[in-house]
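Read through the structure below, which is laid out as structure tokens, and then see the notes.
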Amino acid sequence: MMKSPTWMSETEPDPVPIKAAGWLRVAWRGLLMGGYTFGGLAVLVLIRLVEKPIYGMARPWSPKITQSVCRFAFWVLGMRLEVIGTPLRGSGVAVANHTSWLDIFALNAFDDIYFVAKSEVANWPMIGWLARATGTQFITRDRKQAQLHLQLLQRRLRHGHRLLFFPEGTSTDGRRVLPFKPTLFQSFLTPDLPGDFPIQAITLAFHAPDAEDPRFYGWWGDSDLARHLLQALAYKRHGFVQVIYHEPVGASEFSDRKSLARHLHGQVASALPWSDPAA
């Protein structure tokens, strides 16, 4: 079994103290987000009961519920979401830098996309349930399963799905883009996929609230998810996040997986002004 290395930094931002008004925001925002999220999940499950017998693996209706839930979450937080560029349409692959659990909401808010995640995510409280319901493809980090995973991914792509990977293999503080793992990209350089198969790089740029640590939205290493979630719910005036869609490239334009990984990494890092290229 291969283990995914976790990115660590020497220091972490100091937690923002939650005062009485902050706990009130935790309560009402949490109720709104939780109610809308699980209400949406119930509607999504009902829709799939009709959608699946008619369309099989295709999902023409249910992703709209996911988008609605994600946009509502940003509205409740009072956090602006800015979209730059045009998302890829139809079957293809997207890759993005990984900063926080908020990435999932930002990427789903305006795009029909399905995540590829490590199998452990399926067992995470709440997040695991949502991931399964929204069509996430779980994979184990086992070399013996590599061929099976490739077949599963190719099957979903043939059904018109657009799959998203986080090729850094871990999350960071949002101030850098780690090197992409080239092994991942071998799956896209195969005769089983068309030569003009599109791959789109996406940059997520989280802008911290004024006067806060620039790494405010980063969730990495041993950071506690519950504390991070409470801080997001409690904070009064949030910053904003930019979702930047780059020009898609064709897999056939690259001779090997390393050159493809370098090109996509360069696209993602180029739109993150504070990124450390040497990270």
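Coordinate-derived values only; no laboratory data. Keep in mind that this is a model prediction, so the values were computed, not measured. FYI the Cβ positions are ideal-geometry reconstructions off the backbone, even for glycines, and counts take in every protein chain you see.
A few notes on this one:
- Spin-label pair D256/K64, simplified geometry with 7 Å Cα→Cβ offset, distance in nm: 4.7 nm
- Charge context of A94, other residues only, Cβ under 9 angstrom, K/R +1, D/E -1: 0
- 14 Å beta-carbon shell around L44, net charge (K/R +1, D/E -1): +3
- Two-decimal log10 I(q)/I(0) for the range 20-270, as the Debye equation yields it once each C-alpha is a single scatterer, q = 0.11, 0.12 Å⁻¹: -0.60, -0.72
- Only helical runs count toward this figure. For the chain, summing -39,500 (n - 2.57) over DSSP H runs of n ≥ 4 and dividing by all residues gives -12000 deg cm²/dmol at 222 nm.
- Amide hydrogen neighbours beyond the local backbone of V95, cut-off 5 Å, H modeled: F165, Q200, A201, I202
- The range 29-178 - Rg and Dmax from Cα coordinates, angstrom: 15.5, 45
- Here the dipole of the chain is about 800 debye; that uses its Cα centre as origin and unit charges on the Cβ of Lys and Arg (positive) and Asp and Glu (negative).
- Whole-number percent relative contact order across the chain, with pairs defined as alpha carbons under 8 Å at least 6 apart: 28 percent
- Ranking of T37, T170, T86, T99 by count of other Cβ atoms within 10 Å, fewest first: T86, T170, T37, T99
- Listed from fewest to most Cβ neighbours within 10 Å, the set S100, S68, S252 follows the order S252, S68, S100.
- With K and R counted +1 and D and E -1, the other residues having a Cβ less than 13 Å from that of D213 yield a net charge of -3.
- Put in line by how crowded their Cβ is, counting other Cβ atoms within 10 Å and starting with the fewest, S187, S91 read S91, S187.
- For the range 20-270, the residue among V243, L46, W219 whose Cα projects farthest onto the positive side of the dipole built from Cβ charges is L46.
- Bridge type composition, the chain - antiparallel percent by DSSP, nearest 5: 30 percent
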